[in-house]
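The values are calculated or read from the model by the stated rules, or taken from the named source; none is laboratory data. Everything numeric in this text was worked out from a predicted model, so none of it was measured. Here the Cβ positions follow ideal geometry from the backbone for every residue, glycine too, while neighbour counts run over all protein chains shown.
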Amino acid sequence: MKSSRIRKARHSAGQIFWHLVLILVVCIFLYPFIYMLCSSFKKLKDIFTAGIRLLPKEFVTSNYSTVLSRLNVPLLLGNSMFVATLTMLVKMVTSVLAAYALVFVPNRFSGKIFYFFVITMFVPFSVIMLPNYLTLSKLGLLNTLIGVVLPQLADATAIFRIRQAMRGVPKSLIEAARIDKVPHMTCLLKIVMPLTKPSIVSMAIFLFVNSWNEYFWPLLILRSNELQTITLAMKYYTGSEGANGWGNVMALATMSIALPLFLYLIAQRSIISTFMSSGIKE
Amino acid sequence: MAENDIVFEHVYKSYDGKVNVIDDLNLTIPSGQRMILLGPSGCGKSTILRMIAGLESITGGDLYMGGQRMNDVEPGDRNVAMVFQNYALYPHMTVKRNIQFGMEIAKVPKEERDKQTDWALEILNLTDYKDRLPRQLSGGQRQRVALCRALVKKAPYFLLDEPLSNLDAQLRTAARAELVKIHEVYRPTFIYVTHDQIEAMTVGERIVILDKSIIQQLGSPDEIYNRPANVFVAQFIGSPSMNICEATVEDGRLCIGGESTPIPEKWRVLIGDRKKVKFGIRPEHVEFTRGEGDFPIQVTYMENHGNQLVLAFNIEGNPMMGTLDPFYKVEADLYLDIKWDKIHFFDADTDKNVGYPEGVASFTHFDPSSFVTLQK
């Protein structure tokens, strides 16, 4: 009785310690976001006040109205949306198909093909930046949104991750389907994808957010104002207006992360609610 | 060749091109029969089943099903139904969907699908569970759903890969009867893989015993039990397994250690001029006499199983087991009393059965053609 109480106390002491650590880590990660959000409602003078003061002295929305009046925010969001959605969709389709083929339609080259894919993940962006630029220029795709999307599509991350998830699907399920003459496409859509839904959804969100946040590549190839993405628009404030635009930058940044953040929250729910429990008894 | 025969002709299977998992398999599974593939793990029995299903390629030789060569036919085109060891139920589909999925693919009209599903659910007492997900079912119920799914296909070949191995002992007994019942519904060619000898004896019409990729014996449960082709089969079938001890034959006497007993004439003929044999006796055929008998024994251990008394004893240092009536009173000075129509002799070198004398009781349906089918 006594010992169990001690154990309980020790247990909860450990829990409190780890929760404190977790809270600290969360604060470190959240601080920039909270700082961004608060600063977007501050006057410029307020932002540069010394000391750590998060909440604005005077709550203003002028940063937002300035940004909205000077920039065509709906167009910027639309461009980003187009690039991120297209990138995500094409990548998901190719990656899901590739992963399925690697796992469930194996041949003697499958292993090698997979490692070939994986190797591409280790090639740094700076190495392929120039060849990609030249290729796009030959294709006449510089200064187009398709030009932003195209090089992003060749990426094995999603193949790798979805393949891992699919490997968790018991082989016997696919064999049962093969015996019932289920075509591969039906097998993928009706059996494999429902069973790997959490991984597929989270991967889709990850790809979308990644593409949304892409800065350097669009900066390199987009010239026209009407083709700018929302992340690119940030450069107008940091570059041309220098220190004057910090409140505006914060407002723009807040607007730019709103959508990915919203998607992420949806995805989180879908990932956590693991509806799946196997009918397989291994 | 009958309608739904399965014939293996010189079939080989190798994964790495070096070791043969299946070595020159010649086997005919007659149409409509319940054939059991029995053997210890790694003997190749599941590989044979998977070759029939088309899930495993054939390295050499020919496989015929219903007279057609099947080596390169896709699993979906072989018209087989299969029950997997882990049931392979789709976890995200209800019982009903699981059963109907194959029919949906085959474009069976909805009315017919529902009819078939209800029929199968009825047979296996699952009607109340049709809207549940597999995870909401017990192991026995999942196993029955898997049977339902295979049953509605009404395929001429019904393959089962250790379907009962995940069930507890009690459920297994009930499920064995269910399997026979299902086979009787439309008598498909039934191929059943197991490592459980009780399942093999109770479900099988014929049993193939495999060891180390080679068929050791093919026969009815009776033949396998009463006329084991070799020491492996003799010891594999039966629980506790058959007592085998090495013995010598001198001047018509069976000698174990320093003790000996005369061998009846009918056995002497079969033993021939062998000097060394392996003597086999099943635990249930062990009988004792007091004071005098064939071989003196020393009791080492006893277990009361309620329905029987299991006795471990020695004959001249050779450990043996006997199962006796639970009320048998074990005393000192016991002798093994050999009933000469209930023993077995095997060649000491080849382990093959030497055969049985004419007129030995309870072996009336002995069929020599199914006797030793060792292929090497």
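(1) in contact with a Pro (Cβ under 9 Å, 6 or more places away or on another chain); (2) crowded, with 20+ Cβ neighbours inside 10 Å; (3) not assigned by TED's automatic domain parsing to the domain that holds B:Ile99: which one isn't true of B:Arg253, the others all being true?
The number of the failed condition is (2).
Mind listing just one residue for me: the one in the range A:91-101 that is out of contact with any His (no Cβ under 8 Å at 6 or more places or on another chain) and buried (at least 21 other Cβ atoms within 10 Å of the Cβ) and, of those, farthest from A:Leu173 (Cα to Cα)?
Keep residues of the range A:91-101 that are out of contact with any His (no Cβ under 8 Å at 6 or more places or on another chain), which gives A:91-99, A:101.
So of that shortlist, the ones also buried (at least 21 other Cβ atoms within 10 Å of the Cβ) come out as A:91, A:95-96, A:99.
Details: A:Lys91: 26, A:Ser95: 21, A:Val96: 18, A:Ala99: 17 Å.
Restricting to residues being out of contact with any His (no Cβ under 8 Å at 6 or more places or on another chain) and buried (at least 21 other Cβ atoms within 10 Å of the Cβ), the top hit is A:Lys91.
Can you find even one residue in the range B:117-127 that is within 10 Å of chain A (Cβ to nearest Cβ) and touching a residue at least 60 places away in the same chain (Cβ under 8 Å)?
No, that holds for no residue.
Please determine, by comparing only the residues of the range B:79-129 that are of a type in the set (Phe, Trp, Tyr) and part of a loop (DSSP other than H, G, I, E, B), which one is surrounded by the most Cβ atoms within 10 Å (Cβ to Cβ).
B:Tyr87
Among (1) within 10 Å of another protein chain (Cβ to nearest Cβ); (2) out of contact with any strand residue (DSSP E or B) (no Cβ under 9 Å at 6 or more places or on another chain), where does B:Ala175 come up short?
Just one mismatch for B:Ala175, condition (1).
Tell me which residues, restricted to the range B:246-262, are under 17 Å from B:Gly317 (Cβ atoms) and in contact (Cβ under 8 Å) with a residue 12 or more places away in the chain.
Correct list: B:Glu246, B:Ala247, B:Thr248, B:Leu254, B:Ile256, B:Gly257, B:Gly258, B:Glu259, B:Thr261.
Against the definition (in contact (Cβ under 8 Å) with a residue 24 or more places away in the chain, assigned to a strand (DSSP E or B) and touching a Lys or Arg at 6+ places or on another chain (Cβ under 6 Å)), how does B:Leu37 come out, yes or no?
Values: in contact (Cβ under 8 Å) with a residue 24 or more places away in the chain: yes; assigned to a strand (DSSP E or B): yes; touching a Lys or Arg at 6+ places or on another chain (Cβ under 6 Å): yes.
Considered against the rule, which asks whether it is in contact (Cβ under 8 Å) with a residue 24 or more places away in the chain, assigned to a strand (DSSP E or B) and touching a Lys or Arg at 6+ places or on another chain (Cβ under 6 Å), B:Leu37 comes out as yes.
Residues checked against (1) within 18 Å of A:Leu263 (Cα to Cα); (2) surrounded by 15 or more Cβ atoms within 10 Å (Cβ to Cβ):
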{"site": "A:Lys57", "(1), (2)": "no, no"}
{"site": "A:Ser62", "(1), (2)": "no, no"}
{"site": "A:Val67", "(1), (2)": "no, yes"}
{"site": "A:Ser80", "(1), (2)": "yes, yes"}
{"site": "A:Leu89", "(1), (2)": "yes, no"}
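Within the range A:73-122, work out how many residues are under 20 Å from A:Leu219 (Cα atoms) and in contact with a helix residue (DSSP H, G or I) (Cβ under 8 Å, 6 or more places away or on another chain).
Total meeting the criteria: 14.
Of all residues in the range A:236-263, count the ones that are modelled with pLDDT of 80 or more and not aliphatic (A, V, I, L, M).
The qualifying residues number 7.
Can you find even one residue in the range A:119-131 that is under 23 Å from B:Tyr90 (Cβ atoms), assigned to a helix (DSSP H, G or I) and more than 14 Å from every other protein chain (Cβ to nearest Cβ)?
No, the conditions are met nowhere in the range A:119-131.
Which residues, counting only those in the range B:130-146, are surrounded by fewer than 21 Cβ atoms within 10 Å (Cβ to Cβ) and either closer than 22 Å to A:Thr196 by Cβ or within 14 Å of chain A (Cβ to nearest Cβ) (or both)?
Selection gives B:Arg132, B:Leu133, B:Arg135, B:Gln136, B:Leu137, B:Ser138, B:Gly139, B:Gly140, B:Gln141.
Hey, does the range B:26-38 have a residue that's buried (at least 17 other Cβ atoms within 10 Å of the Cβ), within 14 Å of another protein chain (Cβ to nearest Cβ) and of a type outside the set (D, E, K, R)?
no
So, in the range B:46-78, of the ones that are surrounded by fewer than 17 Cβ atoms within 10 Å (Cβ to Cβ) and either part of a loop (DSSP other than H, G, I, E, B) or within 24 Å of the chain's Cα centre (by Cα) (or both), which residue ends up farthest from the other protein chains (Cβ to nearest Cβ)?
B:Gly67
Considering each residue of the range B:196-227, count those that are among the charged types (D, E, K, R) and over 9 Å from the mean Cα position of the chain (by Cα), and give that number.
Final tally of qualifying residues: 6.
Suppose the filter is within 14 Å of chain B (Cβ to nearest Cβ) and acidic (Asp, Glu); does A:Asp180 pass it?
It is true that A:Asp180 is within 14 Å of chain B (Cβ to nearest Cβ) and acidic (Asp, Glu).
Can you find a residue that is within 30 Å of B:Tyr12 (Cα to Cα), free of Cβ contacts under 8 Å to residues at least 40 places away in the same chain and assigned by TED's automatic domain parsing to the domain that holds B:Gly32 anywhere in the range B:95-107? Spell out the reasoning first.
Here is the first cut: in the range B:95-107, the residues within 30 Å of B:Tyr12 (Cα to Cα) are none.
The answer is no; no qualifying residue exists.
Condition check ((1) surrounded by fewer than 22 Cβ atoms within 10 Å (Cβ to Cβ); (2) in contact with a helix residue (DSSP H, G or I) (Cβ under 8 Å, 6 or more places away or on another chain)) across all residues:
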| site | (1), (2) |
| --- | --- |
| A:Ile179 | no, yes |
| A:Ser202 | yes, yes |
| A:Phe216 | yes, yes |
| A:Asn225 | yes, no |
| A:Leu232 | yes, yes |
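Just one of (1) basic (Lys, Arg); (2) closer than 22 Å to A:Val182 by Cα; (3) in a helix (DSSP H, G or I) trips up B:Lys154, so point out which.
(3)
Determine, yes or no, whether B:Asp24 is at positive phi and among the acidic types (Asp, Glu).
It is true that B:Asp24 is at positive phi and among the acidic types (Asp, Glu).
Considering only residues that are part of a strand (DSSP E or B) and of a type in the set (D, E, K, R), which ones fall in the range B:182-227? Spell out how you get there, then give the answer.
We begin by selecting, within the range B:182-227, every residue part of a strand (DSSP E or B); these are B:189-194, B:206-211, B:214-219.
Matches in the range B:182-227: B:Arg206, B:Asp211.
Name the pairs: first residue in the range A:188-204 and more than 13 Å from every other protein chain (Cβ to nearest Cβ), second residue polar (S, T, N, Q) and surrounded by 21 or more Cβ atoms within 10 Å (Cβ to Cβ), Cβ to Cβ under 8 Å, at least 6 apart or on different chains?
Sorted first by the residue in the range A:188-204, then by its partner, the pairs are A:Met203/A:Ser95.
Take A:Ser4 and decide whether it is in a helix (DSSP H, G or I), loosely packed, with under 10 Cβ neighbours inside 10 Å and at pLDDT below 90. Please lay out each step first, then the result.
Numbers: in a helix (DSSP H, G or I): yes; loosely packed, with under 10 Cβ neighbours inside 10 Å: yes; at pLDDT below 90: yes.
Taking the combined requirement at face value, the residue satisfies it.
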